[in-house]
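The values are calculated or read from the model by the stated rules, or taken from the named source; none is laboratory data. Everything numeric here is computed off the predicted structure, so don't read it as measured data. Cβ: placed from backbone, ideal geometry, glycine included. Neighbour counts: every protein chain shown.
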């Protein structure tokens, strides 16, 4: 079958003419061997045109109490929502609590099907939204690969769906011999993690002319860690300032 072109219904038959409705009995009988009044014929044609134009405009017909609706086949609009018949029914007013109908435009949840919004890449990366859906592209972009992302010296990546790895470089000052510096506060590249499971810290140069530098990290809160550097064999009172590489494994 060739493509059917939607007809122009900007003008309805007899919309400006004489229209008289036949009686209910005449409508039920229909035409016989007769010459009907032209007003009846105008009414018939006008009702057909109006019904078609109504469906063109609405798309889905409104619910009414007299139509018999069929399960899984009948769709209606009611109260600004679209329903599909769940049972064969007549005069059963659609509502979210009526088992005769299923609202197909309700927000989707884990317990019911419905309409759901797609998450943006930023929302997927944040990992806190519970109402939007993740597409394969945004998931692949986030889990490990983060397509199109150029990793920096202070950054993070997914290890799996529950773990992320974060890293960075920070300047620390170490005090000599049992007089440790209070450390440098570091804000994680991705904040709001559930827990920091492990922190590794390495000075850019482990050995100095007068001793050995070491570094370690500790958790401050879900947004920050602290990096401390210790100059274990230096002369009393002396200090050393140096960049420290750090890496943290976090649960999200």
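Look through 35, 27, 4 and report the one residue that is part of a helix (DSSP H, G or I) and more than 30 Å from residue 131 (Cβ to Cβ).
Details: 35 fails: part of a helix (DSSP H, G or I); 4 fails: part of a helix (DSSP H, G or I).
Step by step, each of 35, 27, 4 is checked, and only 27 is part of a helix (DSSP H, G or I) and more than 30 Å from residue 131 (Cβ to Cβ).
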When every residue in the range 136-164 that is surrounded by 13 or more Cβ atoms within 10 Å (Cβ to Cβ) and at pLDDT 85 or above is compared, the one farthest from residue 192 (Cα to Cα) is 154
Per the filter on the range 72-86, residues surrounded by 14 or more Cβ atoms within 10 Å (Cβ to Cβ) and more than 28 Å from the chain's Cα centre (by Cα) are 74
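Each row is one residue, and each column tells you yes or no for (1) assigned to a loop (DSSP other than H, G, I, E, B); (2) in contact with a strand residue (DSSP E or B) (Cβ under 9 Å, 6 or more places away or on another chain); (3) under 30 Å from residue 135 (Cβ atoms).
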position: 20; (1), (2), (3): yes, no, no
position: 55; (1), (2), (3): no, no, no
position: 60; (1), (2), (3): yes, yes, yes
position: 77; (1), (2), (3): no, yes, yes
position: 84; (1), (2), (3): no, yes, yes
State yes or no: is residue 91 at positive phi, free of Cβ contacts under 8 Å to residues at least 60 places away in the same chain and not assigned by TED's automatic domain parsing to the domain that holds residue 222?
-> yes
Report task. Answer with yes or no whether residue 66 is in contact with a strand residue (DSSP E or B) (Cβ under 9 Å, 6 or more places away or on another chain) and either assigned to a helix (DSSP H, G or I) or loosely packed, with under 11 Cβ neighbours inside 10 Å (or both). Result -> yes
In the set 131, 187, 182, the lone residue that is closer than 30 Å to residue 213 by Cβ, modelled with pLDDT under 90, loosely packed, with under 15 Cβ neighbours inside 10 Å and not assigned by TED's automatic domain parsing to the domain that holds residue 81 is 182
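For the range 105-113, check the following and say yes or no: at least one residue is at pLDDT 90 or above and either under 26 Å from residue 140 (Cα atoms) or buried (at least 16 other Cβ atoms within 10 Å of the Cβ) (or both). Step through it out loud before you land on a result.
Let us first name the residues in the range 105-113 that are at pLDDT 90 or above, namely none.
Checked the range 105-113: no residue is at pLDDT 90 or above and either under 26 Å from residue 140 (Cα atoms) or buried (at least 16 other Cβ atoms within 10 Å of the Cβ) (or both).
So, of the residues in the range 116-128 that are at pLDDT 85 or above and out of contact with any helix residue (DSSP H, G or I) (no Cβ under 7 Å at 6 or more places or on another chain), which turns out to be farthest from residue 190 (Cα to Cα)?
Residues of the range 116-128 at pLDDT 85 or above: 116-120, 123.
Still in the running and out of contact with any helix residue (DSSP H, G or I) (no Cβ under 7 Å at 6 or more places or on another chain): 116-118, 120, 123.
Working: 116: 26, 117: 24, 118: 22, 120: 17, 123: 13 Å.
This residue is 116.
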